[in-house]
Amino acid sequence: MRHRAIESIVEAVGNTPIVRLRSLEKECPGVELWLKLEYTNPGGSVKDRPALQMIQDALADGRLTKDKILIDATSGNTGVAYSLFGAALGLQIQLVMPSNVSKARKDITQAFGTELIPSDPMEGSDGAIVRVREIVAADPDRYFYPDQYSNPSNPRAHYLGTGTEILEQIGDRITHFATGLGTSGTMMGTTRRLKEHSRPIHCIAFEPAEALHGLEGLKHMGSSLIPDIYDAGVPDEIIGLPTEEGWDMADRVAKEEGLHIGHSAGANVWGALELAKTMDSGCIVTIAADRGDRYFAPMRWEKKYVW
Ligand SMILES: Cc1ncc(COP(=O)(O)O)c(C=O)c1O
């Protein structure tokens, strides 16, 4: 119900559209490809769902109060989400992020009044996590640390929202769900909901094929701090994704489908299409975490980013 009048921007989270990739489907006759457009959330990414859920759950049980500072480590999208909900709900936000994230990223979060704390660019997102833990440990009463990597509200947001919406939108036709692992919240929560469906749905976790990759937002689990919310037993299968193909697919989807998606989304679509080519029939759903214009700032991933 996107045309309704709402009391606060927080009510605009979720109920994202899902769109069929008709042009790409020409390469996999008999198989449907669907992309859920999480970039239509108000903060422009899939991370609005877990950020809001973590804030709301913590406000409800008293872990978060207005006199505390919400602090977390983020590669960007979660930070944008915290920042906009912080502004909307009157909460102080501090974010630790590697100092090499783009100026645009810093500008977006600061526009909402968020304070940024830089961490070592060579340490990537893991370095930002370690830095937050140090800051919180030094003064625990001052902070609420949602810790998206270990907070069950993160996958819960996708269990309640993303997974439920996919079933409402696609219904019994869905045979496969596949998406990339970052914190793993999207994969864990959505899959748990889809596994409750009356018909079997094969759920695949995508991860970058290499430790050094350029798929921002995604984690190569073998070389990263493993998130507490990640349970390797939840997906039916784990498949590696190459960076170059993900970036190229993002460009292709913009030109052929009119969807200007980010690189993790490009990788998801590439993986979904490769899977579809191995099938005679079926219906695959994947996720567009964010939009391509979030990556307009200079990015030579092979030199600057260690995610
Ligand atoms: C661009 C992008 N893609 C994918 C993901 C992965 O989502 P999740 O953290 O739910 O695994 C993220 C999360 O930060 C992201 O920012």
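Where a number appears in this text, it was derived from the coordinates with a stated rule and is not lab data. Here the structure is a predicted model, which means the values were calculated and not measured. Neighbour counts run over all protein chains shown; Cβ positions are idealised from the backbone, glycine included.
So, in nm, how far is label Asp248 from label Glu25 when the simple model puts each one 7 Å beyond its Cα toward the Cβ?
Between Asp248 and Glu25, the simple spin-label model gives 2.5 nm.
Of the cross-linked pairs Lys195/Lys219; Lys68/Lys103; Lys36/Lys66; Lys68/Lys106; Lys103/Lys219; Lys103/Lys255, which ones have a Cα-Cα span greater than 25 Å in the structure shown? All intermediate terms of the calculation are to be shown ahead of the outcome.
On the way: Lys195/Lys219 23 Å; Lys68/Lys103 27 Å; Lys36/Lys66 34 Å; Lys68/Lys106 22 Å; Lys103/Lys219 22 Å; Lys103/Lys255 27 Å.
Table pairs above 25 Å Cα-Cα are Lys68/Lys103; Lys36/Lys66; Lys103/Lys255.
Divide the volume of the convex hull of the Cα atoms of the chain by its number of residues and quote the answer in cubic angstrom per residue.
Working: hull volume 38.2 nm³, N = 307.
Each residue corresponds to 125 Å³ of Cα convex hull volume.
Can you give me the pair-distance distribution of region 59-145, C-alpha pairs, 10 Å bins, whole percents?
Taking every Cα pair in region 59-145, the percentages come to 19, 51, 27, 3.
Which whole-number percentage describes the relative contact order of region 166-307, with Cα contacts under 8 Å and a sequence gap of 6 or more?
Values: 245 pairs, mean separation 40.1, N = 142.
Taking the mean separation of contacting Cα pairs over the length of region 166-307, I get 28 percent.
Can you list residues from other chains, or at least 5 along the same chain, whose modelled amide H is less than 5 Å from the amide H of Ile261?
It is Ala254, Gly292, by chain and number.
Helix 124-138: angle to the longest alpha-carbon principal axis of the chain, degrees 0 to 90, nearest 10?
30
Return the long-range amide H neighbours of Tyr143 (sequence gap of 5 or more, or a different chain), with a cut-off of under 5 Å between placed amide H atoms.
Amide H neighbours of Tyr143, under 5 Å, 5+ apart: Ile69.
Under a point-charge model restricted to the Cβ atoms of Lys and Arg (+1) and Asp and Glu (-1), what is the dipole moment magnitude of region 52-195 relative to its Cα centre, in debye to the nearest 20? Please report the intermediate quantities before stating the final value.
On the way: 14 positive and 16 negative charges, 56 e Å.
Charge dipole, region 52-195, about its Cα centre: 280 debye, nearest 20.
With the dipole of the chain worked out from charges on the C-beta (+1 for Lys and Arg, -1 for Asp and Glu) around the Cα centre, which of Leu194, Leu212, Ala289 lies farthest toward the positive end?
The residue sitting farthest along the positive end of the dipole is Ala289.
Helix 263-277: angle to the longest alpha-carbon principal axis of the chain, degrees 0 to 90, nearest 10?
Orientation of helix 263-277: about 20 degrees from the principal axis.
Across bins of 5 angstrom width beginning at 0, how are the C-alpha pair distances of region 1-50 distributed, in whole percent?
Final binned percentages: 4, 20, 21, 17, 13, 11, 8, 4, 2.
Let's see if you can work this out: charge +1 on each Lys and Arg Cβ, -1 on each Asp and Glu Cβ, no other charges. What is the dipole magnitude of the chain about its Cα centre, in debye to the nearest 20? Provide the component values of the computation, followed by the final result.
Values: 32 positive and 42 negative charges, 113 e Å.
Value, rounded to 20: 540 debye.
Mind pulling the angle between the C-alpha long axis of helix 185-194 and the longest principal axis of the chain? Nearest 10 degrees, somewhere in 0 to 90.
That helix lies at roughly 50 degrees to the long axis.
Apply 1/(1 + (r/R0)^6) to the Cβ-Cβ distance of Ala211 and Asn15, taking R0 = 35 Å, and write down the FRET efficiency to the nearest 0.05.
Working: r = 36 Å, r/R0 = 1.04.
It comes to 0.45.
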